[in-house]
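Below you'll find the structure, written out as structure tokens, and then a few comments.
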Amino acid sequence: MTRQIRVLVVEDEEAIRTGLIDVLVFHGYEADSAATGPEGLEKALTGKFELILLDIMLPGMDGYEICDRIRAVDRNQPIIMLTAKTSDDEIIQGLKLGADDYVAKPFSIQQLVLRIEAVLRRSQVGQEQARTLSIGNVEIDTENLSGLNGSEEIAFTKREIEVLSYLALNSERPVSREELLLKVWGYARGLDIETRTVDIHIAKLRRKIEADPKQPEKLITVRGAGYRIVMDG
Ligand code: CA
């Protein structure tokens, strides 16, 4: 039997925490939990978990800071933020800090499990992409999530590398935000906040690989069609 996938739930509301653990165990995952921010960070940094479900409002340290601190040492760690359904700001802030995805509370079990499976699937598919990418003067090591822009070192998140890799595989055409959502994030829905998820990642990538992020020459916007990568740009 293969080893169970381990998920860490960081959530201070007991009813939600135990509910999440029940759902995870029922679906075959091994679950551990933390009820405070510091405990969550400590457990997350053990590196034992394939996925972290991270609440935002937590005693001791909030989910944004935990996400930021995890990303400082591990850009690969899959993280799903648990956000309030009504708050786009929470979602955007979480994604900016490097969360892979979000689930809005109150969530349906089906929606949650689909998101978990999508994030885990993507974290495994990553191994199939090309080891190196050359985009103009930028050299990228997709395995180490690092790059060189001239002599300047760049660090990427796993998701950013997946976006670049997918655009590079399809560099002959523009790729729509909906297609990126489906192929990179693993789900097909057209909510405004979700297409903005793509835009946030593109904006972060432009700051990393463009000479002038406001005048992109590598990650260009094709009006009405999406984004296209220019490999010799
Ligand atoms: Ca909370």
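The values are calculated or read from the model by the stated rules, or taken from the named source; none is laboratory data. In this text, all values refer to a predicted model and were calculated from it rather than measured experimentally. A quick note on method: Cβ atoms are made from the backbone with ideal geometry, for glycine too, and the neighbour counts reach across all protein chains shown.
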If I filter the stretch 91-106 for residues that are free of Cβ contacts under 8 Å to residues at least 40 places away in the same chain, in contact with a helix residue (DSSP H, G or I) (Cβ under 8 Å, 6 or more places away or on another chain) and aromatic (Phe, Trp, Tyr), do I get at least one hit?
yes
Could you check Glu152 against (1) in contact with an Asp or Glu (Cβ under 8 Å, 6 or more places away or on another chain); (2) exposed (fewer than 15 other Cβ atoms within 10 Å of the Cβ) and say which number it fails?
(1)
Those residues of the stretch 66-102 which are more than 15 Å from the ligand (Cβ to nearest atom) and modelled with pLDDT of 90 or more, in sequence order
Asp68, Arg69, Ile70, Pro78, Ile79
Would you mind stating whether Leu54 is aliphatic (A, V, I, L, M), more than 15 Å from the ligand (Cβ to nearest atom) and in the same structural domain as Ala99 (by TED's automatic domain parsing)?
no
For the stretch 88-109 the number of residues that are more than 15 Å from the chain's Cα centre (by Cα) and in a loop (DSSP other than H, G, I, E, B) is 3
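If only one of Leu41, Leu24, Leu58 is modelled with pLDDT of 90 or more and in contact with a strand residue (DSSP E or B) (Cβ under 6 Å, 6 or more places away or on another chain), which one is it?
Details: Leu41 fails: in contact with a strand residue (DSSP E or B) (Cβ under 6 Å, 6 or more places away or on another chain); Leu58 fails: in contact with a strand residue (DSSP E or B) (Cβ under 6 Å, 6 or more places away or on another chain).
Exactly one residue qualifies, and that residue is Leu24.
Can you tell me which of Ile109, Ile116, Ile140 is more than 20 Å from Ala72 (Cα to Cα) and crowded, with 20+ Cβ neighbours inside 10 Å?
Sole residue among the options that is more than 20 Å from Ala72 (Cα to Cα) and crowded, with 20+ Cβ neighbours inside 10 Å: Ile116.
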So which residues in the stretch 23-80 are in a strand (DSSP E or B) and within 23 Å of Ala155 (Cβ to Cβ)?
Leu51, Ile52, Leu54, Ile79, Ile80
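I'd like to check which strands (runs of 3 or more DSSP E) are fully inside the stretch 131-233 and have at least 2 residues that are outside the structural domain of Gln111 (by TED's automatic domain parsing) and of a type in the set (Gly, Ala, Ser). Full working, then the answer.
On the way: elements: 132-135, 138-141, 146-149, 152-155, 219-222, 226-229.
Qualifying strands (runs of 3 or more DSSP E): 146-149.
Condition check: outside any loop (DSSP other than H, G, I, E, B), within 13 Å of the ligand (Cβ to nearest atom) and over 30 Å from Ser146 (Cβ atoms). Does Leu20 satisfy that?
Details: outside any loop (DSSP other than H, G, I, E, B): yes; within 13 Å of the ligand (Cβ to nearest atom): yes; over 30 Å from Ser146 (Cβ atoms): yes.
Spelling it out, Leu20 is indeed outside any loop (DSSP other than H, G, I, E, B), within 13 Å of the ligand (Cβ to nearest atom) and over 30 Å from Ser146 (Cβ atoms).
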Hey, any hits in the stretch 30-45 for a residue that's more than 13 Å from the ligand (Cβ to nearest atom), farther than 20 Å from Asp101 by Cβ, within 19 Å of the chain's Cα centre (by Cα) and of a type outside the set (Phe, Trp, Tyr)?
yes
Does Ala15 count as more than 16 Å from the ligand (Cβ to nearest atom), over 21 Å from Arg121 (Cβ atoms), out of contact with any Phe, Trp or Tyr (no Cβ under 8 Å at 6 or more places or on another chain) and small (Gly, Ala, Ser)?
no
Any residue in the stretch 196-214 that is of a type outside the set (A, V, I, L, M), in contact (Cβ under 8 Å) with a residue 12 or more places away in the chain and in contact with a Ser or Thr (Cβ under 9 Å, 6 or more places away or on another chain)?
yes
